[in-house]
1. Within segment 223-230, identify whether any single residue is exposed (fewer than 11 other Cβ atoms within 10 Å of the Cβ), over 30 Å from G16 (Cβ atoms) and of a type outside the set (V, I, T), and answer yes or no.
2. Which of the residues that make up segment 120-152 are within 11 Å of the ligand (Cβ to nearest atom) and assigned to a helix (DSSP H, G or I)?
3. Is one or more of the residues making up segment 165-178 under 23 Å from L26 (Cα atoms) and aliphatic (A, V, I, L, M)?
4. If a residue has to be under 17 Å from the mean Cα position of the chain (by Cα) and farther than 21 Å from F225 by Cβ to count, how many in segment 79-104 make the cut?
5. With respect to G145, is the statement that it is in contact with a Ser or Thr (Cβ under 7 Å, 6 or more places away or on another chain), of a type in the set (G, A, S) and at pLDDT 95 or above true?
6. Among the residues in segment 78-92, are any among the charged types (D, E, K, R) and either in contact with a Phe, Trp or Tyr (Cβ under 7 Å, 6 or more places away or on another chain) or exposed (fewer than 15 other Cβ atoms within 10 Å of the Cβ) (or both)?
7. Considering segment 114-130 alone, what residues qualify as being of a type in the set (V, I, T) and under 14 Å from the mean Cα position of the chain (by Cα)?
8. Can you list the strands (runs of 3 or more DSSP E) lying wholly within segment 165-254 that have 2 or more residues being without any contact (Cβ under 8 Å) to a residue 12 or more places away in the chain and more than 12 Å from the ligand (Cβ to nearest atom)?
Amino acid sequence: MGLLDGKVAIVTGSGGGIGRAHAMLLASEGAKVLINDLGGTRDGAGNDASAANQVAEEIKKAGGQAAPNYASVATAEGAAAIVKGAVDAFGKVDILVNNAGILRDKSFLKMDEAMFDTVIAVHLKGTYLCSQAFAKQVVTQGGGGRIVNTTSVSGMLGNFGQANYSAAKAGIYGLTRTTSIELQKHRITVNAIAPIAKTRMTEDLPMFQGIDTLTPAHIAPAALFLASDLCGDRTGHILAVAGARLYAFKVIETPGKFKDADKGVWTAKEIAENWEAINKA
Ligand code: NAI
């Protein structure tokens, strides 16, 4: 018995890196998997069907079921084709892992509009478009579903040189929270992972040199958990994974400080004087 027997999963950007690890693990647990990948370069240029084809073949050779798909997550037509591809191949959809991503890093003052727009289009708009197309199909089918998004430490905490990427990934956090609330009535859970792993996206960073303990295979079980019934009704969570370490990101609201009603509104000077108390968790 696999954790995902009888389920149909879409994993976007699963022609390599973390997405490939997700797809292989989901398939090994019984899911029929649509391997979506545009097959472009790390910065999103070009396209190549061989990435998705290879992973689909690997899964089939291992005894699993998979079909390739080459559409871009960044357009409405692409998102529709991805969901239709899964329905045409396997009859329905149950799980969507929004994983596709690109990088166009540049320090903020040097970042041009195209770098900003392209990264937002693939990560944030792609997650919105695929989630909406998937959720509409799940609502039509009935029976609920599971969405697993991909945010990032960069989005949750910020990172030098990644204003576009961190804005997109923080947007995915907001999208995860709101869709987790709205889709609850359709029994669709929406959670996100924040991974750290050595892939073509990160392999040239100093922190990954000589390191073999931060792999995509460490990340995939988190996606499997959130995509399976082991997750139960949990929704709106951000599960972070870096090698052997599992942790969570949460936005906190401090208790704050109240000003007596008869003393008027807070003044800017009083805000400065009470900064510590306002920020105390
Ligand atoms: P990767 O570059 O190996 O994989 C990304 C995949 O997405 C590629 O196969 C690429 O062809 C595909 N893709 C790009 N644009 C696409 C589009 N428009 N439509 C369909 N597919 C498209 O990178 P990696 O590291 O595996 O990244 C996977 C996800 O994890 C991304 O969302 C990334 O931002 C996120 N992430 C990765 C971290 C890491 O440490 N590797 C850290 C934090 C987040």
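1. Scanning segment 223-230 turns up no residue that is exposed (fewer than 11 other Cβ atoms within 10 Å of the Cβ), over 30 Å from G16 (Cβ atoms) and of a type outside the set (V, I, T).
2. Selection gives A121, V122, H123, L124, K125, G126, T127, L129, C130.
3. Yes - at least one qualifying residue is present in segment 165-178.
4. Residues meeting the conditions: 5.
5. For G145, the condition - in contact with a Ser or Thr (Cβ under 7 Å, 6 or more places away or on another chain), of a type in the set (G, A, S) and at pLDDT 95 or above - is not met.
6. yes
7. Step one: of segment 114-130, the residues of a type in the set (V, I, T) are 118-120, 122, 127.
Matches in segment 114-130: V119, I120, V122, T127.
8. Hits in segment 165-254: 245-248.
The values are calculated or read from the model by the stated rules, or taken from the named source; none is laboratory data. Values in this document were obtained by computation on a predicted structure and should not be read as measured data. Virtual Cβ from ideal backbone geometry, glycine too; neighbours counted across all protein chains shown.
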